[in-house]
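Here it is, the structure in full.
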Amino acid sequence: MAQKGEIIKISGPLVVAQDIPEARMFDVVRVGKEKLIGEILEIRSKNISIQVYENTGGLKPGEPVESEHYPLSVELGPGLLGNIYDGIQRPLTLIRTKTGDFIGRGVWISAIDRNKEWEFKPRVREEEKVIAGDILGTVQETELIEHRILVPIGIKGKIKKIHSGKAKVEDTIAIIETKEGEKNISMLQKWPVRKMRPYKKQLNPEEPLITGQRVIDTFFPIAKGGTACIPGPFGSGKTVVQHQLSKWANADIIVFTGCGERGNEMADVLREFPELKDPKSSKPLMQRTILIANTSNMPVAAREASIYTGITLAEYYRDMGYDVALMADSTSRWAEALREMSGRLEEIPGEEGYPAYLPSRLAEFYERAGKIICLGKDEREGSLSAIGSVSPPGGDLSEPVTQATLKVARVFWALVSELAYQRHFPAIHWLRSYSLYIDNLKNYFNKKVAPDWMELRNKAMALLQREDELAETVRLVGIDVLSSEDRIVMETARSIREDFLQQFAFDKIDTYSPVNKQYLMLKLIMEYHEECLGALKKGALLNDLISLSVREDIAKAKYIPSEEIEKRIKEITHKLKEEINKLIKEK
Ligand code: ADP
């Protein structure tokens, strides 16, 4: 048999070949004289369909195709953080220095620097028994993150030798005696991207991923290890939300996957992310971030891979015991790539031309999120939270990608253009969003923040709901028909929206609200509500209640530094009661 197969047909990113020796599904192949990178998608009798991740222009039938005999995989090891990769983990910055702005075809540069020396600090001793997932040692990958080198999956035995001190990623840092003989372990490992990395046990996500964004934490929280979906109409503030989450969420590691947004959006990410600072340490955020971006000369097919590359890298850090947040922007573009390939493979189309397996592929992606106990004897916990944006054409949420995503993601932050237009930021709509983690997280908030956290949140939500109903009446017959009580509802709801939900990302203080501050702010607003209703009963006049001077203080509470918040909220509450009592006495 020939050593190489042969191209039969080329159709955009799809290449059909024949006679590739030992061809297996999902194996990586090198296509044509230029050795373009592809992946086997389908084997149908003699014909082998290949998704090529590079531009196939100029490729001709008859050119050779060679299998690499391993599935599309990522390299794992120290040196990942701070990198910008493309969908198949080629380091973009390094490639640019080698081939210029446009990536030359067939270029392959290792994802992880082979020449860099790391200071390896062992955590095990010779003769010690180890199992997969045990920490062999650590290296300081960046100033912010310690990289833990784990016993690779599938390996179990006794440490015969362990290294200490300087080492490159390919150097042997441990020799493990296993039943199958001695294994040399280096810091560099490989993992097939389409395969979920194993863990010991899945845990219930019961701790919130705290973001410091009030509308998220108090109203629609996501759990560590949870999943969320965020639609991103143009100009609705999606980028700002993503930046805020990357900067402030209490995750240790951020993986940001741009699944090939065209034009400016990804360029913005590439330009802006490296400039962002980690607010807690003031070091560049990139020290705990990996970016995955597709360049514009890569075909759409490459988007498909990027989401798997991203989630595999995220799982790898989760396995070390970190809380990882993965952002995928946008899964709609990824779904379009699936649709394009499916069309070329002449599969039977499902809704709107998307393949029938779109929902299951999306589910497989989100199912890789979770809070887990990692492999290894020390039972450390890790989490992977997945936040995917969707870009429904024309904002139509009934389209297939959004619908399939809503079935699997447990939080929905409905970013809407109308709110952005009114400059209500973050433009997450309080009536259209939801979080299915509320019940799971209730105990955490009630215990760690305040026993009435949940009750307060629900009351505030109910007021907003009521405001919506009343607004309809006002539209029809005018505000004068409302009772004084209902007018107070309208006022409080407005205060919740403007003084609590609106949060200015560019203000030094308001950009991050600790949960305790969120609680006290909302409590103050609800206190105003109760006091007003009480005062009405005692004869106070509606107009006086609406124009109390303390309302100014309530509106400004968001700008109070968190260290002073308890004291200052107490003072404002005191002032509120005094002003109300004065109104009642005046009667
Ligand atoms: P998108 O990415 O959805 O097109 P952006 O995130 O770039 O939109 O937001 C558009 C503009 O809206 C920003 O330049 C900013 O002025 C404003 N904006 C969005 N979110 C906030 C926020 N939380 N605080 C203040 N301004 C915001």
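The values are calculated or read from the model by the stated rules, or taken from the named source; none is laboratory data. Source: prediction; values computed, not measured. For neighbour counting, all protein chains shown are included, and Cβ atoms are generated from backbone atoms with ideal geometry for every residue, glycine included. Quick note on the areas: whole protein, heavy atoms, side chains included, nothing else; ligands and nucleic acids left out. Shrake-Rupley method; radii C 1.70, N 1.55, O 1.52, S 1.80 Å.
So, R339, is that one modelled with pLDDT under 85, farther than 13 Å from A404 by Cα, of a type in the set (D, E, K, R) and open to solvent by 10 Å² or more (accessible area, probe 1.4 Å) or not? First the steps, then the outcome.
Working: modelled with pLDDT under 85: no; farther than 13 Å from A404 by Cα: yes; of a type in the set (D, E, K, R): yes; open to solvent by 10 Å² or more (accessible area, probe 1.4 Å): yes.
No; evaluated as a whole, the condition is false for this residue.
Looking only at residues that are open to solvent by less than 50 Å² (accessible area, probe 1.4 Å) and out of contact with any Leu (no Cβ under 9 Å at 6 or more places or on another chain) in segment 147-175, which one is nearest to P78 (Cα to Cα)?
Out of the qualifying residues, it is A167.
Here is a further query. Counting only residues that are within 15 Å of the ligand (Cβ to nearest atom), crowded, with 22+ Cβ neighbours inside 10 Å and on the phi > 0 side of the Ramachandran plot, how many does segment 215-260 have?
1
Kindly state which helices (runs of 4 or more DSSP H) lie completely within segment 301-389 and contain at least 2 residues that are within 23 Å of E75 (Cα to Cα).
Where helices (runs of 4 or more DSSP H) fall fully within segment 301-389 and carry at least 2 residues being within 23 Å of E75 (Cα to Cα), they are 301-319, 358-367.
Is it true that G38 is surrounded by 18 or more Cβ atoms within 10 Å (Cβ to Cβ) and modelled with pLDDT of 90 or more?
yes
So, in segment 494-520, of the ones that are without any contact (Cβ under 8 Å) to a residue 60 or more places away in the chain, more than 23 Å from L463 (Cα to Cα) and not acidic (D, E), which residue ends up nearest to the ligand (Cβ to nearest atom)?
Residue satisfying both the conditions and the ranking: F506.
The conditions are (1) open to solvent by 20 Å² or more (accessible area, probe 1.4 Å); (2) part of a loop (DSSP other than H, G, I, E, B); (3) closer than 27 Å to N581 by Cα, and A540 fails exactly one of them. Which is it?
(1)
With respect to the numbered conditions (1) on the phi > 0 side of the Ramachandran plot; (2) within 16 Å of the ligand (Cβ to nearest atom), which one is the sole condition not fulfilled by P426?
Looking at each condition in turn, P426 falls short on (1).
Now for a separate question. Given the criteria away from the ligand (no atom under 16 Å from the Cβ), over 14 Å from P208 (Cβ atoms), open to solvent by less than 70 Å² (accessible area, probe 1.4 Å) and without any contact (Cβ under 8 Å) to a residue 60 or more places away in the chain, does L456 qualify?
Judged against the criteria, L456 is not a match.
Let me ask something additional. May I ask you to verify whether I185 is farther than 30 Å from M286 by Cβ and either open to solvent by 30 Å² or more (accessible area, probe 1.4 Å) or not in a loop (DSSP other than H, G, I, E, B) (or both)?
Taking the combined requirement at face value, the residue does not satisfy it.
Looking at (1) assigned to a helix (DSSP H, G or I); (2) acidic (D, E); (3) touching a helix residue (DSSP H, G or I) at 6+ places or on another chain (Cβ under 9 Å), which is the one condition that is false for E472?
(3)
Mind checking which residues of segment 543-567 are open to solvent by less than 30 Å² (accessible area, probe 1.4 Å) and assigned to a helix (DSSP H, G or I)?
Correct list: L545, V550, I554, A557, K558, I565.
Table: residues versus (1) over 18 Å from S236 (Cβ atoms); (2) among the hydroxyl-bearing types (S, T, Y).
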position: G382; (1), (2): yes, no
position: S389; (1), (2): no, yes
position: Q422; (1), (2): no, no
position: F425; (1), (2): no, no
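I would also like to ask the following. Pairs under 7 Å by beta carbon, first residue farther than 15 Å from V215 by Cβ and open to solvent by 20 Å² or more (accessible area, probe 1.4 Å) in segment 407-430, partner within 11 Å of the ligand (Cβ to nearest atom) and not in a strand (DSSP E or B), six or more apart or different chains?
S417/P233; S417/G235; S417/S236
Provide a single number: the residues in segment 44-62 that are surrounded by 15 or more Cβ atoms within 10 Å (Cβ to Cβ) and more than 23 Å from D86 (Cβ to Cβ). Break it down stepwise before answering.
Start the filter on segment 44-62 by keeping residues that are surrounded by 15 or more Cβ atoms within 10 Å (Cβ to Cβ), which leaves 48-56, 59.
Applying the additional criterion that residues be more than 23 Å from D86 (Cβ to Cβ) yields 48.
Summing the residues that are surrounded by 15 or more Cβ atoms within 10 Å (Cβ to Cβ) and more than 23 Å from D86 (Cβ to Cβ) in segment 44-62 gives 1.
Checking G376 against (1) in contact with a Leu (Cβ under 9 Å, 6 or more places away or on another chain); (2) open to solvent by less than 10 Å² (accessible area, probe 1.4 Å); (3) under 23 Å from N250 (Cα atoms), which test does it fail?
(3)
Let me ask another. Return only the number of the condition from (1) closer than 23 Å to T312 by Cβ; (2) away from the ligand (no atom under 16 Å from the Cβ); (3) crowded, with 20+ Cβ neighbours inside 10 Å that Y437 does not satisfy.
Failed condition: (1).
Return the residue satisfying two criteria in turn: it lies in segment 568-587 and is closer than 23 Å to S513 by Cα and open to solvent by less than 40 Å² (accessible area, probe 1.4 Å), and of such residues it is farthest from the chain's Cα centre (by Cα).
Applying the filter and picking the extreme gives L576.
Restricting to segment 132-185, name every residue that is touching a residue at least 60 places away in the same chain (Cβ under 8 Å) and of a type outside the set (V, I, T).
Hits for segment 132-185 are A132, G133, D134, E141, E143, L144, H147, R148, L150.
Of the conditions (1) away from the ligand (no atom under 16 Å from the Cβ); (2) within 16 Å of the chain's Cα centre (by Cα); (3) modelled with pLDDT under 85, M266 fails just one. Which one is it?
The number of the failed condition is (1).
Among L362, L358, which is the only one that is within 28 Å of P205 (Cβ to Cβ) and either among the acidic types (D, E) or in contact with a Pro (Cβ under 7 Å, 6 or more places away or on another chain) (or both)?
Exactly one residue qualifies, and that residue is L358.
I'd like the full set of residues that are of a type in the set (S, T, Y) and assigned to a loop (DSSP other than H, G, I, E, B), limited to segment 220-240.
Listed by number, the list holds a single entry, S236.
Among I131, I145, which is the only one that is within 19 Å of A314 (Cβ to Cβ) and of a type outside the set (D, E, K, R)? Spell out how you get there, then give the answer.
Numbers: I131 fails: within 19 Å of A314 (Cβ to Cβ).
Going through I131, I145 in turn, just one is within 19 Å of A314 (Cβ to Cβ) and of a type outside the set (D, E, K, R): I145.
Separate question: Among the residues of segment 379-398, how many are farther than 15 Å from G226 by Cβ and open to solvent by less than 10 Å² (accessible area, probe 1.4 Å)?
Residues flagged as farther than 15 Å from G226 by Cβ and open to solvent by less than 10 Å² (accessible area, probe 1.4 Å) within segment 379-398 amount to 2.
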